[in-house]
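The values are calculated or read from the model by the stated rules, or taken from the named source; none is laboratory data. The structure displayed is predicted, hence computed values, not measured ones. Neighbour counts are summed over all protein chains in view; Cβ atoms, including those assigned to glycine, are modelled from backbone coordinates with ideal geometry. Quick note on the areas: whole protein, heavy atoms, side chains included, nothing else; ligands and nucleic acids left out. Shrake-Rupley method; radii C 1.70, N 1.55, O 1.52, S 1.80 Å.
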Amino acid sequence: MMQAIQTQEIMRKSLHHELVDRLQMLIIHAELVPGAKVPEKLLCDRFGVSRTPLREALKVLASDGLVRLEPNRGAWVTQVTLDEVQDVFPVLGALEALSGELACNHITDTEIDEVQALHDQMMQSYERRDLDAYFDINQKIHRAILSAARNSTLTTSCQALSLRMQRARYLANMTEGRWYAAVQEHEKIMKHLAARDGPKLAATLLDHMDAKRASVVRWLQAREAAEEEEQ
């Protein structure tokens, strides 16, 4: 479930938020395996914290749907399900589309340059076939567009749903064909953002999220079929 422990102590000033962030990354990157029990003692040793702040952080993850808390049994990493993906992605797509349209109304030239710089970095990751770096920069691009929308309610809603779907996108196999298509979609996103064309950017983001949903659905269906064969 988890490999050898590496000490990664967290500064006390930002303990709660940093601990939540690190646990989220362990789940998104499947170091904490879906369906497995959260190894509290190992995590306390890894981050140099007591069980109290760890359990407080797990409560936040439970509210985000990343873990399930069971009385007297601890916390368990939730599974990514087909129903959840089919329910969440359309809503997330609509929110992303709205963020794009609003961003075109508010984004500054400097912010466009910053997003373009991120896009260039992402393209370099694609050329290197560095999927981890690609995913990380991809998320920064979407967060930058969301930030440019200047709408705190939209930001809160979009980030909560995006967090639930990040691990699904990370777990799903990225085929060469899908990766190429995703890069082409991001080229269009940058084109419409630079032109401040809200309707076109909204439509492109909506299509982009639907393509991601279809990719994750195919992976989940294949996983379920493989599990059925094993039974």
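Does the stretch 71-79 contain at least one residue that is out of contact with any Pro (no Cβ under 7 Å at 6 or more places or on another chain) and open to solvent by less than 20 Å² (accessible area, probe 1.4 Å)? Within the stretch 71-79, one or more residues are out of contact with any Pro (no Cβ under 7 Å at 6 or more places or on another chain) and open to solvent by less than 20 Å² (accessible area, probe 1.4 Å).
Scanning the stretch 41-53 finds no residues that are assigned to a helix (DSSP H, G or I), buried (at least 19 other Cβ atoms within 10 Å of the Cβ), in contact (Cβ under 8 Å) with a residue 40 or more places away in the chain and of a type in the set (Phe, Trp, Tyr). In this entry, ASP113 is excluded by the filter for residues that are within 16 Å of the chain's Cα centre (by Cα), open to solvent by 50 Å² or more (accessible area, probe 1.4 Å) and without any contact (Cβ under 8 Å) to a residue 12 or more places away in the chain.
Restricting the first member to the stretch 132-160 and to residues that are surrounded by 16 or more Cβ atoms within 10 Å (Cβ to Cβ), and the second to residues that are at pLDDT 95 or above and assigned to a loop (DSSP other than H, G, I, E, B), the beta-carbon pairs closer than 6 Å and six or more apart or on different chains are ALA148/ILE107.
How many residues does the stretch 171-213 hold that are open to solvent by less than 60 Å² (accessible area, probe 1.4 Å) and either within 27 Å of ILE107 (Cα to Cα) or under 16 Å from the mean Cα position of the chain (by Cα) (or both)? Talk me through it step by step, then tell me what you get.
Keep residues of the stretch 171-213 that are open to solvent by less than 60 Å² (accessible area, probe 1.4 Å), which gives 171-172, 174, 177-179, 181-183, 185-186, 189-190, 192-194, 197-198, 201-205, 208-209, 211-213.
Now narrow it down to the ones that are either within 27 Å of ILE107 (Cα to Cα) or under 16 Å from the mean Cα position of the chain (by Cα) (or both): 171-172, 174, 181-183, 185-186, 189-190, 192-194, 197-198, 201-205, 208-209, 211-213.
Looking only at that region, the number is 25.
Residue check: is ALA36 farther than 26 Å from SER147 by Cβ, touching a residue at least 24 places away in the same chain (Cβ under 8 Å) and among the aliphatic types (A, V, I, L, M)? Criteria met by ALA36. For the stretch 54-69, the candidate set comprises residues that are open to solvent by 40 Å² or more (accessible area, probe 1.4 Å) and of a type outside the set (A, V, I, L, M); within that set, the residue that is modelled with the lowest pLDDT is SER63. Look at the stretch 200-229: where a residue is more than 19 Å from ILE189 (Cα to Cα) and aromatic (Phe, Trp, Tyr) and a partner is open to solvent by less than 30 Å² (accessible area, probe 1.4 Å) and assigned to a helix (DSSP H, G or I), sitting 6+ places away or on another chain with Cβ atoms under 9 Å, you get TRP219/ALA168. Answer yes or no as to whether ALA225 is touching a His at 6+ places or on another chain (Cβ under 9 Å) and open to solvent by 40 Å² or more (accessible area, probe 1.4 Å). In short, no. Report whether or not ASP83 is closer than 22 Å to ARG213 by Cβ and modelled with pLDDT under 95. Criteria met by ASP83.
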